[in-house]
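Below is one structure, written out as structure tokens; the observations come after it.
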Amino acid sequence: MATPSKPMLRALGGEAVWPPPMWLMRQAGRYLPEYREVRAQAGDFIALCTNPELAAEVTLQPIRRYGMDGAILFSDILMVPWAMGQPLRFAEGEGPQLQPVRDAASIGALDPSVCVANAAPIFETVRLVRAALDAHAPKVTLIGFAGSPFTVACYMVEGHGSRDFAAARGMAYADPQLFGTLIRTLVTATTGYLLAQAEAGAEVLMLFDSWAGMLSPSQFRRWVIEPTGQIVRNIRKVNPTIPIIGFPRLAGPMLAEYAQRTGVQCLGVDTSMDLRWAATAVAPHQALQGNLDPLALIAGGMALETEARSILGTMRGRPFVFNLGHGIEKTTPPEHVSALVRLVRTG
Ligand code: CP3
């Protein structure tokens, strides 16, 4: 059960908790020596994500080192296509590689109903982390997550990372029916995947939509707002109370419509967004989460202090979760993260 005294759950419930709760996107990862050690032990990245003991261990590393308010499940947004049977590998230095799905046969072959069974080790990780937090860190909130259908579809169609995801966005225009079938498959798979995380002990769910900002407004409504809203409504039918964070990265002014129409409790905001504007674009009870530049965290010193204090000054008096505007970079000195935690803790 959710414990209402957890700072992060209070903020997501609409309370202006101060100093604000904090965690950092990609807080477990290669910038931490203790992560690199476990990663080497596990073999490849997928082996790590599907090894509940090791994945739980790396989830907890930043909690032990920094005392963050949120522990994010250690996994990846591409584990959903992997669990539906799309071949995936993480090649060293190249990022993720998938066997692309670009026609009716390969998209039709994806089976959302096997996703939850194949992702069983990930839910076991959630159980292990939750038990450890309940025993040793009862104020820390466990965050489950998935990629949003559009961003996951970008990788599934393209087969790898890309500057513009032209194959995926092109398919959305040239064959909206086929692209729509892929998005619907992902809505079904993602709903089941997130509900299974909630059942295993996740107390908050986050939807990462890293590439939402590449879309025109009409495409954004169709491929970001509608499917995200469907997932939120599907989850609400089964679990009416779990807070959901939506992160439509680089959405710009589309954030207002996203906030209004998807029904998420909290909006993740990227580094480019003016927090003063964001505060006027969402409802007063909707929390904001963000948006320190990961590069300011690498720089440290006065640059970090100035940026972080400006965010705190702007968000004081509002429901807010301190975070980065995108994931931690692997060259980040771990002691800069300690300095940031000290700064945010003093409000
Ligand atoms: O935040 C956390 O600490 C939780 C774990 C997490 C990872 N990826 C671990 C990871 C989360 C929430 C993600 C989300 C994710 N994955 C996104 C959305 C957020 C964003 O960054 O925009 C995306 C687009 C992915 C896809 C992905 N996974 C890419 C493009 C890469 C390669 C880039 C890289 O840094 O190597 C990954 C691999 C990945 N996911 C790593 C980690 C720690 C690095 C793998 C390694 O250890 O070698």
Among the candidates ALA283, ALA256, single out the residue that is among the small types (Gly, Ala, Ser) and under 23 Å from PRO21 (Cα atoms). ALA283
Kindly indicate which of PRO243, PRO253 is at pLDDT 95 or above and either surrounded by 16 or more Cβ atoms within 10 Å (Cβ to Cβ) or small (Gly, Ala, Ser) (or both). PRO243
Only one of (1) closer than 30 Å to LEU182 by Cα; (2) within 11 Å of the ligand (Cβ to nearest atom); (3) touching a residue at least 40 places away in the same chain (Cβ under 8 Å) fails for GLY70. Which number is that? (1)
Condition set surrounded by fewer than 19 Cβ atoms within 10 Å (Cβ to Cβ) and of a type in the set (Lys, Arg), scope segment 160-213, selection farthest from the ligand (Cβ to nearest atom): answer is ARG184
Those residues of segment 307-327 which are within 16 Å of the ligand (Cβ to nearest atom) and either crowded, with 23+ Cβ neighbours inside 10 Å or closer than 12 Å to GLY347 by Cα (or both) amount to VAL321, PHE322, ASN323, LEU324, GLY325
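Report yes if some residue within segment 8-24 is part of a helix (DSSP H, G or I), hydrophobic (A, V, I, L, M, F, W, C) and surrounded by fewer than 16 Cβ atoms within 10 Å (Cβ to Cβ); otherwise report no.
No: zero hits.
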Scanning for something away from the ligand (no atom under 13 Å from the Cβ) and crowded, with 18+ Cβ neighbours inside 10 Å, does segment 26-42 turn up at least one residue? no
Hey, could you check segment 142-159 for residues that are under 15 Å from the mean Cα position of the chain (by Cα) and of a type in the set (Gly, Ala, Ser) and say which is nearest to the ligand (Cβ to nearest atom)? GLY147
So which residues in segment 48-67 are away from the ligand (no atom under 11 Å from the Cβ) and more than 30 Å from PRO20 (Cβ to Cβ), if there are any at all? THR50, ASN51, PRO52, GLU53, LEU54
Out of curiosity, is ALA109 free of Cβ contacts under 8 Å to residues at least 40 places away in the same chain, under 28 Å from PRO334 (Cα atoms), among the small types (Gly, Ala, Ser) and more than 9 Å from the ligand (Cβ to nearest atom)? no
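Within segment 73-106, track down each residue that is of a type in the set (D, E, K, R) and within 13 Å of the ligand (Cβ to nearest atom). Write out each step before concluding.
Step one: of segment 73-106, the residues of a type in the set (D, E, K, R) are 76, 89, 92, 94, 102-103.
ASP76, ARG89, GLU92, GLU94 - these are the residues of segment 73-106 that are of a type in the set (D, E, K, R) and within 13 Å of the ligand (Cβ to nearest atom).
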Residue check, LYS139 against (1) more than 14 Å from THR228 (Cα to Cα); (2) assigned to a helix (DSSP H, G or I); (3) away from the ligand (no atom under 16 Å from the Cβ), all met but one. Which one? (2)
Check ALA202, ALA196, ALA189, ALA168 and return the single one that is in contact (Cβ under 8 Å) with a residue 12 or more places away in the chain and touching a Phe, Trp or Tyr at 6+ places or on another chain (Cβ under 6 Å). ALA196
Yes or no: THR262 without any contact (Cβ under 8 Å) to a residue 60 or more places away in the chain, more than 16 Å from TRP23 (Cα to Cα) and buried (at least 17 other Cβ atoms within 10 Å of the Cβ)? yes
When you look at PRO248, is it surrounded by fewer than 17 Cβ atoms within 10 Å (Cβ to Cβ), over 22 Å from ALA71 (Cβ atoms) and either of a type outside the set (Phe, Trp, Tyr) or out of contact with any helix residue (DSSP H, G or I) (no Cβ under 7 Å at 6 or more places or on another chain) (or both), yes or no? no
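The values are calculated or read from the model by the stated rules, or taken from the named source; none is laboratory data. These numbers come from a predicted model, not from an experiment. Here the Cβ is made from the backbone with ideal geometry for all residues, glycine too, and neighbour counts use every protein chain on show.
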